[in-house]
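Worksheet: the structure to be examined is printed underneath.
No lab work stands behind these numbers, since they all come straight from the coordinates. Note that the structure is a prediction, hence the values are computed from the model and not measured. Every residue, glycine among them, receives a Cβ derived from its backbone with ideal geometry; neighbour counts consider all protein chains shown.
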Amino acid sequence: MSVALREDWVASPGGPLHGDIHAPGDKSVSHRAIMLAAVADGTSRIEGFLEGEDTLATAAIFERLGVRIETPESRTRVVHGVGLDGLQAAQHQLDCGNAGTGMRLLAGLLAGQPFDSVLVGDASLTRRPMRRVLDPLVRMGASIASHDGFPPLRIAGGQALRGIAYSSEIASAQVKSAVLLAGLQAQGETEVREPHPTRDYTERMLRAFGWPIDFSPGVAKLSGGHRLRATQVSVPADFSAAAFFLVAATLVPGSDIVLRRVGMNPRRTGLLRVLRAMGAHIDIEGLGEEGGEAVADLHVRHAPLRGIDVPVDAVPDMIDEFPALFIAAACASGTTTVRGAAELRVKESDRIATMSAGLRALGVVVDETPDGATIHGGPLRGGSIASQGDHRVAMAFAIAGQVCEDVVRIGDVANVATSFPGFDRLARAAGFGLRDA
Ligand code: S3P
């Protein structure tokens, strides 16, 4: 099990932000690229891979399952796929670290394998609900024991899976992906419907690896019994990592930055829509395609923000961006309301509670509700923040520090390395005032 190190940051205004920023590779795409390449026939090459603890954990798991993965240079992986029937039983439990995506997708992929597996995670992941994937997988014939719906997951091998038509109650790409990945080894057809379309990387990548799949927003359908063929994957910069700089440059007067080659999948860019509605000045430049995904440069200049009611239909498209949005809302004039976002309570921390508590520590008035919050914009004074080991909360308060009257001390930031290794270095280079405590 990985142990979160307690490290602290001190953030304080560093002045206008400038320059070109290359955010790290997309976490969702990197997880899926390793998984599909591992069970494809032949050798795949992944460029732009996220060297974060979450995706390194997924790669290490496949090495334990008998897949050879080379790292010719940083951010590149060469994966010698073994085919869907070529994985070998691991001698030990498989540690997903902090990664909900890793654990939930692996549950689907390993449910139809001939051998037993045990998936474990760190303290945060061990508190995250797994029934959402266990229920459909068990309906498909999987045998998975859990700790009352929480990790560890003990997957019994040798189960014959059958395809199902599954209507998910929650808009979750992880649930959809777990079911589709189990469907690769199921008899017959597997169909997933979701209440709101979510990121479609699994569907797009299955197609890129040669698996026949039908999908349109909100529904995906495939049949078992095909093979995956090795391919090249080019991973765009992670919109969710770029989001911290989008908000920071918007908030800090005089800022002017460009975020390079950011993934622009419409199921990820809800924050762009919301920030623009709040008055942000963000230009999309050089929109193009790389490896089947839309990418663009995002040119951000400072602009004053006004509070809005965040449209409920934008929530799934910005589900990882609420920590950054809460900071933007606190700095906006007027109030911002967030509703329909109860999923935030089961992320790496309860993000409604952690963000509300952190903002209150900085003097902001926040009214929490079960599925969101009302944030009253106003001046931010300094204070001490408990990030609860949540990477995105820690980075969000590093932004707050750039516009606070006094310093912000942020506790327990080690998990920033799960999704954004080197965030502090990149942030300082752009102009952030941010140092180790
Ligand atoms: C992810 C889906 C989202 C997101 C997570 C990554 C994925 O989770 O919050 O960071 O890669 O499929 P949910 O499916 O739980 O919404």
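Rounded to the nearest Hz, the phi-derived 3J(HN,Hα) couplings of the range 90-96 under the Karplus curve 6.51 cos²θ - 1.76 cosθ + 1.60 (θ = phi - 60°) are 8, 6, 10, 5, 9, 9, 7, where x marks glycine and proline.
Please figure out what share of the DSSP beta bridges in the chain is antiparallel and state it in percent, rounded to the nearest 5. Before the final figure, lay out the partial values.
Details: 57 of 79 bridges.
The antiparallel fraction comes to roughly 70 percent.
Computed over neighbours whose Cβ is under 10 Å from that of Leu272, the net charge equals +1, Lys and Arg +1, Asp and Glu -1. Report the antiparallel proportion of the DSSP beta bridges in the range 27-234 as a percent, rounded to a multiple of 5. The antiparallel fraction comes to roughly 70 percent.
Taking each residue as 0.36 nm, the span from Arg381 to Glu368 lengthens on full extension beyond its C-alpha to C-alpha distance by 2.7 nm. Annotation: extensible slack from Arg273 through Val138 equals 44.8 nm (criterion: 0.36 nm per residue apart, minus Cα-Cα distance).
Rounded, prolate or oblate: which fits the chain, taking a ≥ b ≥ c as square roots of the Cα gyration tensor eigenvalues, rounded meaning a/c under 1.5, else prolate when a/b beats b/c? Prolate, since a/c reaches 1.5 and a/b exceeds b/c.
Fully extending the segment from Ala89 to His281 would add 63.9 nm, taking 0.36 nm per residue of separation and subtracting the current Cα-Cα distance. Here is how the number arises for the chain: DSSP H runs of 4 or more residues each give -39500 (n - 2.57), the sum is divided by the residue count, and the result at 222 nm is -8500 deg cm²/dmol.
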